[in-house]
Amino acid sequence: MAETENASLASIELLSDLPAKALEDLSKRCSWRTFQINEQVIDRQSDSCDLCFIVKGRARVVNYSLSGREVTFDDREGGAYFGELAALDGEPRSANVVALEETVVASLSQEGFHDLLHNYPQVAVRILRNLAKIVRISTDRIMDLSTFGANNRVHAELLRLAKPGMKDDNTAEISPIPIHGDIASRVSTTRETVARVFSDLTREGILQRDRDALVILDVEALTDIVETVRGESD
């Protein structure tokens, strides 16, 4: 089992340059569990302070309003991690995490996490950079919620989702294809609004749905739509 765990932790981006012996030792300090689809991995307000590595699968960071409305913050793929806030400050969890498919998670105790940061400062730097990225994204989303109408919030979210799949020919691919309800929960609108925006963008030649991906055919045009509303265009 240790050999399998070591190989699995080697796929975690945060730990990418740790020596093999360090990964082996870290594997032994982790508790390992497989979660099934829709199973809760972390409960908001729980007193758990573990840092969690997604060895395999996919999970969603999400909260629910008092009325039960789902608000999605992010989806995490295999090789990612979550739970760093509680692991850093010992406060209750700030969000729920739910498995989107069969997901293998290796959990490192708060003490083990602090040892990791102390022994490998480059890991601490990566944690800080990721937290800075989260703050920037959150700031943009707060501004969008405060200043954009529902249609434009969908435009902005599509642009965010497209960034990792951008190509040199002014196109981008979003894969897997996002579900309307997922985008709606990210930008505080309805599935019907998302469907209407997708239809409008398709008619305008900006968006196309392929078998395995949502294709942005004109990234510049979508960017112009978003930046014009933000007042950032020339």
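Could you give me D for the range 148-230, from Stokes-Einstein at 25 °C and 0.890 mPa s, where the hydrodynamic radius is the Kirkwood radius over C-alpha pairs? Units µm² s⁻¹, please.
Values: Rh = 12.5 Å.
Here the translational diffusion coefficient equals 196 µm²/s.
Over the chain, what lengths in whole Å, largest first, do the semi-axes of the equivalent ellipsoid take, defined as the square roots of 5 times the eigenvalues of the alpha-carbon gyration tensor? Show your work: numbers first, answer last.
Details: eigenvalues 243, 73, 61 Å².
In descending order, the three semi-axes are 35, 19, 18 Å.
For labels at Arg129 and Asp17 in the simple 7 Å Cα→Cβ model, what's the distance in nm?
Result: 0.9 nm between the two label points.
Magnitude of the Cβ-charge dipole of the chain, K/R +1 and D/E -1, about the Cα centre, nearest 20 debye? Let's see the in-between values first.
Numbers: 27 positive and 39 negative charges, 78 e Å.
Dipole of the chain, to the nearest 20 debye: 380 debye.
Debye calculation, C-alpha points only, no solvent: report log10 I(q)/I(0) for the range 2-140 at q = 0.17, 0.20, 0.21 Å⁻¹, in the same order as the q values.
Ignoring solvent entirely, the Cα scatterers give -0.94, -1.31, -1.43.
Pop the C-beta distance of Asn63 and Ile177 into the FRET formula with R0 = 25 Å and round what comes out to the nearest 0.05. Walk me through the intermediate numbers first.
On the way: r = 24 Å, r/R0 = 0.96.
It comes to 0.55.
Compute the distance in nm between two label points, each set 7 Å from the Cα along the Cα-to-Cβ direction, one at Thr147 and one at Gln36.
Output for this residue pair reads 4.7 nm.
Could you compute the net charge surrounding Ala184? Neighbours are other residues with a C-beta less than 15 Å from the C-beta of Ala184; K and R count +1, D and E count -1.
Numbers: positive: Arg60, Arg69, Arg141, Arg153, Arg160, Arg186, Arg191, Arg196; negative: Glu70, Asp75, Asp144, Glu157, Asp182, Glu192.
My count for the surroundings of Ala184 gives +2.
Lys pairs in the chain, Cα-Cα under 23 Å, at least 8 apart or on separate chains: how many?
Details: Lys21/Lys56; Lys28/Lys56; Lys133/Lys163; Lys133/Lys167.
Taking the chain as the scope, the lysine pair count is 4.
Between Arg160 and Asn119, what FRET efficiency comes out of the Förster formula 1/(1 + (r/R0)^6) with R0 = 45 Å and r the beta carbon distance, rounded to 0.05? Show your work: numbers first, answer last.
Details: r = 35 Å, r/R0 = 0.77.
With R0 = 45 Å, the Cβ-Cβ based efficiency is 0.85.
About the Cα centre of the range 1-117, what is the dipole size in debye to 20, counting +1 per Lys and Arg Cβ and -1 per Asp and Glu Cβ, all else neutral? Each step should come with its number before you reach the end.
Numbers: 11 positive and 21 negative charges, 51 e Å.
Rounded to the nearest 20 debye, it is 240 debye.
Figure the gain on full extension for Glu111 and Leu88 (residue separation times 0.36 nm, minus the Cα-Cα span) and round it to one decimal in nm.
Working: separation 23, 0.36 × 23 = 8.28 nm, distance 0.99 nm.
Contour length minus Cα-Cα distance gives 7.3 nm.
Let me check I've understood the local charge: for Val71, count other residues with C-beta under 12 angstrom from its C-beta, Lys and Arg +1, Asp and Glu -1. What total comes out? Let's see the in-between values first.
On the way: positive: Arg44, Arg60, Arg69, Arg141, Arg186; negative: Glu70, Asp74, Asp182.
Summing Lys and Arg as +1 and Asp and Glu as -1 gives +2.
Take each complete run of DSSP H in the chain, measure how far its Cα atoms stretch along the helix's own axis, and keep only those covering 24 Å or more with mean Kyte-Doolittle hydropathy at least -1.0; list them.
Details: long enough: 121-147 (39 Å, 0.26).
Length and hydropathy pass: 121-147.
For the pair Glu227 and Glu192, how long in nm is the line joining their label points, each one 7 Å along Cα→Cβ?
The answer from the label model is 3.4 nm.
Each reported figure results from applying straightforward, stated rules to the coordinates on display, with no laboratory input. Just so we're clear, the structure is a prediction, and the values are computed from it rather than from any experiment. All Cβ positions, even for glycine, are placed from backbone atoms using ideal geometry, and neighbour counts span all protein chains on display.
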